[in-house]
Amino acid sequence: MALPRFLVLVCSILVLASPSRAVAGPPGDDDAALVRLERVAERSGLRRQVLKSALDAYARARNDGITHRPVLTVIDYSLPSRRRRFWVLDVETGRVLARELVAHGRKSGEDVAERFSNEPGSLQSSLGTFVTGGVYRGKHGRSLRLVGLDRGINDQAEARGIVIHGADYVSEGFVRRVGRLGRSEGCPALRTAVARQVIELIRDGTVVYAYYPGVS
């Protein structure tokens with residue numbers, strides 16, 4: 001027997017007012033953005049397994065309440081320094097906001113990084129999940145503090161002064177002359193021409209994930 005018209009209406013209202021429906025939002029939106037992000041990121045050279053590891057780290061930070069902004073920076077240290085291996089992603093819209101050159105620490109390797117450390121004075125890059133802090137002006141100009149979230153892996157980042165900054169040894173011209181980028185004291189240094197723009201994009205509580213296979 002068919003339900004009376006007013007009961008059908010009440011049931012419809014209850015479904016629309018369901019808390020799970022209100023929290024979840026329109027079905028498929030998150031999945032669509034993720035598929036779009038995977039496709040666009042892969043076209044820009046960010047490999048799927050690296051993106052997956054970065055998204056897992058972002059999800060953990062989000063669930064822990066550490067970040068509330070849908071901006072994710074990925075550094076793939078398994079690529080040579082002469083490649084653009086620094087991505088800024090918008091997780092909500094599925095867009096690549098920036099793709100840049102980035103230096104690694106001078107004791108991590110030449111063109112390819114092979115060694116990583118959490119120790120002060122090591123002059124090596126650190127891996128794992130970071131959250132961006134505040135902006136300040138240091139010896140390299142405008143710089144962005146990084147807070148390491150992984151105990152024993154990168155939690156000495158602040159003590160070591162590991163920050164994002166611009167450097168004149170990070171450029172296409174330097175690569176043409178030397179065959180690789182110059183190297184930092186462990187900081188993920190960017191091209192001077194874009195450092196300010198990128199810092200403003202990712203400052204104040206966004207996730208930065210530094211990847212290396214089998215380590216991070």
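Just so you know, all these numbers are worked out from the coordinates, no wet-lab data involved. Remember, it's a predicted structure, so these values are computed and weren't measured experimentally. Here the Cβ positions follow ideal geometry from the backbone for every residue, glycine too, while neighbour counts run over all protein chains shown.
A few notes on this one:
- Report summary: the helix-based calculation at 222 nm, which adds -39500 (n - 2.57) for every DSSP H run with n ≥ 4 and divides by the residues of the chain, gives -9500 deg cm²/dmol.
- Using equal-weight Cα scatterers in the Debye expression, the normalised intensity of region 85-164 in log10 at q = 0.13, 0.14, 0.17 Å⁻¹ is -0.46, -0.53, -0.78.
- Cβ-placed point charges (K, R +1; D, E -1), dipole of region 50-105 about Cα centre in debye, nearest 20: 240
- Value of Rg to Rh for region 117-161, rounded to two decimals, is 0.97; Kirkwood radius and Rg both from alpha-carbon coordinates.
- Beta bridges per DSSP with both ends in the chain, % antiparallel, nearest 5: 75
- Cβ-placed point charges (K, R +1; D, E -1), dipole of the chain about Cα centre in debye, nearest 20: 600
- For the chain, built as a Gaussian network whose Cα springs stay under 10 Å, the top-fluctuating residue of V74, V131, V112: V112
- Reference-scaled alpha-carbon Rg (2.2 N^0.38 Å with N residues) for the chain: 1.24
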